[in-house]
Amino acid sequence: KLDQDAAVKYAPPEQPLPSESYKLVWSDEFDGNDVDWTKWSKVPPVTNGNVAEWRRYTSTRHDLVSVENGMLVLKGVKNDGSDPNETRDYLCGQIWSQGKASFTRGIFEIRAKFENQQGAWPALWMLPEKNSWPLTGEIDFVERLNSDDFVHQTVHHGPVVNGSSTSDTSHDNYIDPTGWNTYRVEWTSTEIIWYVNGVKTFTYAPVVKSENKWPFTTPFYLILSQQLEGNWVG
C-alpha cells in the first residue's frame, strides 16, 4: 500500500528491460501521422444494457484519438451538442487491440503522461479475449485518478459478490504527477510482477493456482482508455 511517510516520493529513473529469455514480438511507438489501425481499434460505445463505468462515455468521435509528435493522445471532453443524437454529458477516446493482438505471458511496458484534471480516470490495462469478468481475470498496469501523485496497479480475479470481484489485489505507488512515467508488468506462468519506472512495486503469486485465483492462462489484449467521472474518481 501507499507509504505516506516515504522519504523519497518518486521512483528513480527507469531501468532497462531484462534481456535474458525475452525477445520483442510486438510494439507501437506511435511515431506516424495516425494510429496504426492494423494493431488497434477504437473501443465502440455501449448503447444499451448495463454499461461499465469505464465505458460510460466511450465515443468513436474522430478528434478524441490522435497521434501527435510521436505520442498517442486520448481525450475526454464535455459534449458540445454538435451531434443531436449524442446526449451524454462527456465523450472519451479509447483504443484496444482486441481481435488484433493478444498475448499470454511476457513483459509489457507503457510510457505515459497524464494530465492533471479533476474527474479524469485514464487507465492502461488488459482483459482476456474470452472474457467473463472477473472470473477470467483483469491485469491493470496503471489507473490514475484526478491529479493524484500516485497510481493504482491491480489484478482482478474470482467471482462477483455485491457487484465487485472478490479478489482484487491492488497497490498504490508514487509517480511524477507532471511528467512521463513507465509502467511495466512481467507476467509468467507462476506470477505477475508490477513496476513503476523500473522499480518493482508488488507481486501476485498465489501458491494454489485454482481457477478463481489464477485465470491468467489465456490470451489477453491491451486497452488504453480515457474516462471521465464515475463513483471511484468522483
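The values are calculated or read from the model by the stated rules, or taken from the named source; none is laboratory data. What you are looking at is a predicted structure, and each value in this text was computed from that prediction instead of being measured. With ideal geometry, Cβ positions are generated from the backbone for all residues, glycine too; neighbour counts draw on all protein chains shown. Protein only, heavy atoms only, side chains kept; ligands, DNA and RNA dropped before computing areas. Shrake-Rupley method; radii C 1.70, N 1.55, O 1.52, S 1.80 Å.
Among the listed residues Gly76, Gly49, which satisfies the condition of being touching a residue at least 40 places away in the same chain (Cβ under 8 Å), open to solvent by less than 70 Å² (accessible area, probe 1.4 Å) and small (Gly, Ala, Ser)?
None of the other options fit; the residue is Gly76.
So in region 198-228, with the set limited to residues that are at pLDDT 95 or above and more than 21 Å from Ser102 (Cα to Cα), which one is surrounded by the fewest Cβ atoms within 10 Å (Cβ to Cβ)?
Leu228
Here's a check for you: in region 116-155, which residue that is in a strand (DSSP E or B) and of a type in the set (Phe, Trp, Tyr) is farthest from Asn197 (Cα to Cα)?
Trp125
Give me the residue from region 178-187 that is among the β-branched types (Val, Ile, Thr) and modelled with pLDDT of 95 or more and, out of that set, nearest to Ile139 (Cα to Cα).
Val185
Cβ-Cβ distance below 8 Å, separation of 6 or more or different chains: which pairs start in region 83-103 with a residue that is over 18 Å from Leu224 (Cα atoms) and end on one that is assigned to a loop (DSSP other than H, G, I, E, B) and open to solvent by 70 Å² or more (accessible area, probe 1.4 Å)?
Pairs found: Arg88/Arg56.
Going by the structure shown, is Lys42 under 20 Å from Trp125 (Cβ atoms) and open to solvent by 70 Å² or more (accessible area, probe 1.4 Å)?
It is false that Lys42 is under 20 Å from Trp125 (Cβ atoms) and open to solvent by 70 Å² or more (accessible area, probe 1.4 Å).
Given the options Ser21, Ser59, name the one that is in contact with a Cys (Cβ under 7 Å, 6 or more places away or on another chain) and either without any contact (Cβ under 8 Å) to a residue 40 or more places away in the chain or hydrophobic (A, V, I, L, M, F, W, C) (or both).
Being in contact with a Cys (Cβ under 7 Å, 6 or more places away or on another chain) and either without any contact (Cβ under 8 Å) to a residue 40 or more places away in the chain or hydrophobic (A, V, I, L, M, F, W, C) (or both) holds for just one of Ser21, Ser59, which is Ser59.
For Asp63, only one of the following conditions fails: (1) over 17 Å from the mean Cα position of the chain (by Cα); (2) in a loop (DSSP other than H, G, I, E, B); (3) not β-branched (Val, Ile, Thr). What is its number?
Tallying (1) over 17 Å from the mean Cα position of the chain (by Cα); (2) in a loop (DSSP other than H, G, I, E, B); (3) not β-branched (Val, Ile, Thr), Asp63 fails exactly one: (2).
With respect to Glu143, is the statement that it is open to solvent by 10 Å² or more (accessible area, probe 1.4 Å), under 11 Å from the mean Cα position of the chain (by Cα) and more than 21 Å from Ser41 (Cβ to Cβ) true?
Yes.
Does Thr58 qualify as being within 19 Å of the chain's Cα centre (by Cα) and either modelled with pLDDT of 90 or more or closer than 24 Å to Tyr204 by Cα (or both)?
Answer is yes for this residue.
For region 181-197, give me each residue that is surrounded by fewer than 15 Cβ atoms within 10 Å (Cβ to Cβ) and either in contact with a Ser or Thr (Cβ under 9 Å, 6 or more places away or on another chain) or among the aromatic types (Phe, Trp, Tyr) (or both).
Result: Ser189, Glu191.
Does Phe202 qualify as being under 17 Å from the mean Cα position of the chain (by Cα), farther than 28 Å from Ser66 by Cα and either charged (D, E, K, R) or part of a loop (DSSP other than H, G, I, E, B) (or both)?
no
Being modelled with pLDDT of 95 or more, closer than 17 Å to Leu222 by Cβ, out of contact with any Phe, Trp or Tyr (no Cβ under 6 Å at 6 or more places or on another chain) and open to solvent by 60 Å² or more (accessible area, probe 1.4 Å) is the requirement here; does Lys130 meet it?
Judged against the criteria, Lys130 is not a match.
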